[in-house]
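One structure below.
Laboratory data are not the source of any read-out in this text; all were calculated from the coordinates shown. Keep in mind the model is a prediction, meaning the values are calculated, not measured. Ideal geometry is used to build each Cβ from the backbone, glycine not excepted, and the neighbour counts take in all protein chains shown.
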Amino acid sequence: MKISVVSNGNTTVFELNNSQASKDLYSQLPLTIAVENFGDNEKIFYPPTKLSVNNTPKANAKNGTLAYYAPWADVVMFYKDFGSASGLYELGECTSGLEYISKMSGTIKIDKQ
C-alpha cells in the first residue's frame with residue numbers, strides 16, 4: 001500500500017506497512033485535510049475516524065517515518081529524527097519527496113497510489 005500526500009504542488013509518497021492502523025488509514029482515502037505544524041520535527045493531521053492499533057508496531061520515529069499517535073488520534077509525518085513515545089505507532093516510511101514534508105502547509109490531499 002502506497003499513499004501520496006500533495007501540498008503546495010509537491011508530492012510526498014509513503015509506503016505503508018501491513019498493520020491494522022495503516023489499513024484503517026488507507027480505507028479512509030482520498031482525503032483533503034488540514035495539516036498542522038507540531039514542534040520542530042513533524043507535521044500532523046487528524047483522520048476522520050480513529051485508527052485501530054491492533055497488530056501495529058510501536059514507532060521508533062526517524063526522518064521520513066509516518067506514524068499514528070493514538071492518544072490524540074493524529075497521523076504524524078516526521079521530517080527530523082524523533083525516537084519513541086508511549087502511544088506512537090508506525091504506519092510506514094517515506095519513499096520519495098521527503099524534502100517536502102517540512103514545507104507542508106494549509107490543506108493537503110492524500111490519496112492511494
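Need the C-alpha centroid separation for the stretch 1-59 versus the stretch 86-113, integer Å.
6
Test of understanding: ordering Thr95, Thr32 by Cβ neighbours within 10 Å, fewest first, what list do you get?
Ascending Cβ contact count within 10 Å gives the list Thr32, Thr95.
Rounded to a whole number of µm²/s, how large is the Stokes-Einstein D of the chain at 10 °C and 1.306 mPa s, given Rh as the Kirkwood radius over C-alpha pairs?
118
From the phi angles alone, apply the Karplus equation (6.51, -1.76, 1.60; θ = phi - 60°) to the stretch 92-104 and give each ³J(HN,Hα) in whole Hz, x where the residue is Gly or Pro.
x, 9, 6, 10, 7, x, 3, 5, 8, 4, 5, 9, 5
In the chain, with Lys and Arg counted as +1 and Asp and Glu as -1 at Cβ, which of these residues, Gly83, Ala67, Ala21, has the Cα nearest the positive end of the dipole, that is, farthest along it?
Selected residue: Ala21.
So what's the projected area for the stretch 1-52, the Cα convex hull averaged over all directions, in nm²?
Over every viewing direction, the Cα hull of the stretch 1-52 projects on average to 4.1 nm².
³J(HN,Hα) across the stretch 60-71 via Karplus (A = 6.51, B = -1.76, C = 1.60, θ = phi - 60°), whole Hz, x for Gly/Pro?
The phi angles translate into 10, 5, 9, 3, x, 6, 9, 9, 10, 9, 4, x Hz.
For the chain, what is the calculated [θ] at 222 nm in deg cm²/dmol (nearest 500), taking -39500 (n - 2.57) for each run of four or more DSSP H residues and dividing by its residue count?
Only helices count here, giving -2000 deg cm²/dmol.
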